[in-house]
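Structure record follows, encoded as structure tokens.
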Amino acid sequence: MPVSPDIRWIDNAAALDAACADLLDAPVLALDTEFFREKTFHPVPALIQICAGGPAWLIDPLAVECTDALRQLLTNDAIKLLHASSEDLEVFAHWAGVLPTPLVDTQVAQSLLGEDAAMGYQRLVEHWVGETLPKEETRSNWLERPLSDAQSSYAALDVVYLLEVWHRQREELVRQQRLEWVMQDCADILQQSERSEASDGQWYLRHRQLWRLKPQQIEAYRLMTTWREGEARSRNLPRGWVVQDRLLYAIAERMPENRFELAEVDDIKPTLIKREGDELLAMVKQARHEDTANLPLAPLSPALPPFKKRLKALKQVVNGEAQRLGVAPEVLMRRRELEALVVANMRAETPPLPTGWRGELLNAGLDDALKAFSA
């Protein structure tokens, strides 16, 4: 049975600063958040959990703002443990204005210790500690007050066991000489999180069917997704509530010149045309009149035989190394990264080979595989 956590509830600045003083000398802090995001772009923080081996501190962000003492705690030299950290980092960025650093993501750590690239927290605790945690409160309403005893216990256990999990993971990582890999990857996660708002213009590259479009259509899609990103952030609405991806892609395919043609796009609603039609048409017009030299390159089709042959050769390199290490291939390189190598090779460009420890393990094999097609 899981332990009964010692829970300390914090709903005012004085109590928060007192907790930070108690935690100031801790070498490792386990962190977690509960949030709500169904109707907003930015996550609405509902609970912040912290534990350093003693009590589990539950901070109510609906009642107390982040204080300078907590910001200092989140950025001091202590390791900050999170599991599957991406959305939690967004919560801290918008509520606290800082990112927890230095970071260790225990899901990342586990991905380098076995073939599960994305092990959930409950399974992680069961694997390392042998305890089965309750799951009933996973999707409960974390914005309601007061929280139930079951909710408070569930939230506390999310950080109570994280410290023990990391202690055991760390021993194994040291034994396998992979601790530095985890630290590199987690530092990269923080850098990516800091860059996320600066890369809004690259959202269009995520579409898997972009290669089907011509350069003018790609430019229209790029302009519309960049605009949509800004609108979603400023209105604090989910991207799909502004305009869905599939509609933006369909508009880029048709390149309408007026509202009548825009209305012919499949599944587009009159309310969207009324609200955003002029803006969308203006971006399509801008793309249509863009100088050819400024248009983005059309992606190569992954269905082309030369593309498929190169991708297969690169996968063999990655799969072989993954098998040797006992990890999932996607932990070493994701498909999108492999495809970028293929595109660079087919266009006689400098390939974006991996850096850091992945580069040390993979680059010789990847380079040899690519050279076989360049000869």
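The values are calculated or read from the model by the stated rules, or taken from the named source; none is laboratory data. The shown structure was predicted, so the numbers you read here are calculated from the model rather than taken from an experiment. No Cβ is skipped: glycine too gets one built from the backbone with ideal geometry, and neighbour counts run over all protein chains shown. SASA here: full protein model, heavy atoms, side chains in, ligands and nucleic acids out. Shrake-Rupley method; radii C 1.70, N 1.55, O 1.52, S 1.80 Å.
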Selection within segment 35-55 - more than 23 Å from the chain's Cα centre (by Cα) and either open to solvent by less than 20 Å² (accessible area, probe 1.4 Å) or at negative phi (or both): 51, 52, 54, 55
Quick check: anything in segment 70-77 without any contact (Cβ under 8 Å) to a residue 12 or more places away in the chain, open to solvent by 50 Å² or more (accessible area, probe 1.4 Å) and part of a loop (DSSP other than H, G, I, E, B)? no
Quick check on segment 164-202: of everything there that is open to solvent by less than 40 Å² (accessible area, probe 1.4 Å) and at pLDDT below 95, which residue is farthest from the chain's Cα centre (by Cα)? 201
Please count how many residues of segment 124-151 are in contact (Cβ under 8 Å) with a residue 24 or more places away in the chain, open to solvent by less than 20 Å² (accessible area, probe 1.4 Å) and more than 23 Å from the chain's Cα centre (by Cα). 1
For the condition β-branched (Val, Ile, Thr) and under 26 Å from residue 355 (Cβ atoms), what is the one hit in 189, 273, 251? 189
Please specify each residue of segment 203-219 satisfying the condition of being within 26 Å of residue 89 (Cβ to Cβ) and surrounded by 13 or more Cβ atoms within 10 Å (Cβ to Cβ). 203, 204, 205, 207
Selection status of residue 90, open to solvent by 10 Å² or more (accessible area, probe 1.4 Å), within 16 Å of residue 166 (Cβ to Cβ) and not in a loop (DSSP other than H, G, I, E, B): no
Do we have any residue at all in segment 270-282 that's open to solvent by 30 Å² or more (accessible area, probe 1.4 Å) and either among the acidic types (Asp, Glu) or outside any helix (DSSP H, G or I) (or both)? yes
For residues in segment 220-241 being open to solvent by less than 20 Å² (accessible area, probe 1.4 Å) and over 21 Å from the mean Cα position of the chain (by Cα), which is nearest to residue 286 (Cα to Cα)? 220
With the first residue restricted to segment 21-34 and required to be surrounded by fewer than 23 Cβ atoms within 10 Å (Cβ to Cβ) and small (Gly, Ala, Ser), and the second required to be modelled with pLDDT of 95 or more and in a helix (DSSP H, G or I), Cβ contacts under 8 Å at 6 or more apart or on different chains are 21/69
Take residue 349 and decide whether it is closer than 30 Å to residue 172 by Cα, acidic (Asp, Glu) and open to solvent by 20 Å² or more (accessible area, probe 1.4 Å). no
Can you name the residue in segment 353-375 that is open to solvent by less than 70 Å² (accessible area, probe 1.4 Å) and in a loop (DSSP other than H, G, I, E, B) and, of all such residues, is nearest to residue 310 (Cα to Cα)? 353
Evaluate the following for residue 328: is it at pLDDT 95 or above and either closer than 22 Å to residue 217 by Cβ or in contact with a Pro (Cβ under 6 Å, 6 or more places away or on another chain) (or both)? no
